[in-house]
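> I have a structure I would like to understand better, so I am pasting it below and will then ask my questions one at a time.
The values are calculated or read from the model by the stated rules, or taken from the named source; none is laboratory data. From a predicted model like this one, the values you see are computed outputs, not experimental measurements. Cβ coordinates were reconstructed from backbone atoms using ideal geometry, including for glycine residues, and neighbour counts include every protein chain displayed. Heavy atoms of the whole protein, side chains included, go into the accessibility calculation; ligands, DNA and RNA do not. Shrake-Rupley method; radii C 1.70, N 1.55, O 1.52, S 1.80 Å.
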Amino acid sequence: MAHYLRIWKHGSADLPGRPTLAEVLNQGIQSRDGCWIWGGPISSSGYGRIGSLYTHRVSYEIHVGAIPEGLQIDHLCFEKLCANPDHLEAVTQEENLRRQRLRMTRKADGTWVRTLSGVTR
């Protein structure tokens, strides 16, 4: 019975193909200020997710290539949901942490806040 319904609805009894990672990524992206902002599920750490994969890593591998062993992907735009490969760079963990410290400032009460271009977020 289900195949008759598929023929009626889709013109074929064939099941639709599974979308590729690139198709899923493109469907969930919205452009904003040069960033490709992921609009789908987000991890508890604030990064975009496609299943168990991080969207920025998926985008880097699709558009740039394999992430070299031992390197991490740094967001040059400081936006965790950005998947624009022009805003992503493969760096060592030490470099990623160094850059992260440069983006942070300590407030008078001792708490740390993220800063961009001198503007506290």
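> Looking at A83, A90 in this structure, which one is touching a strand residue (DSSP E or B) at 6+ places or on another chain (Cβ under 7 Å), in contact (Cβ under 8 Å) with a residue 40 or more places away in the chain and either surrounded by 14 or more Cβ atoms within 10 Å (Cβ to Cβ) or not acidic (D, E) (or both)?
Residue meeting the stated conditions: A83.
> Within the stretch 18-73, how many residues are of a type in the set (K, R) and either crowded, with 16+ Cβ neighbours inside 10 Å or in contact (Cβ under 8 Å) with a residue 60 or more places away in the chain (or both)?
2
> For L76, are the conditions met, namely being free of Cβ contacts under 8 Å to residues at least 60 places away in the same chain, out of contact with any Ser or Thr (no Cβ under 6 Å at 6 or more places or on another chain), among the hydrophobic types (A, V, I, L, M, F, W, C) and open to solvent by less than 60 Å² (accessible area, probe 1.4 Å)?
No: the conditions fail for L76.
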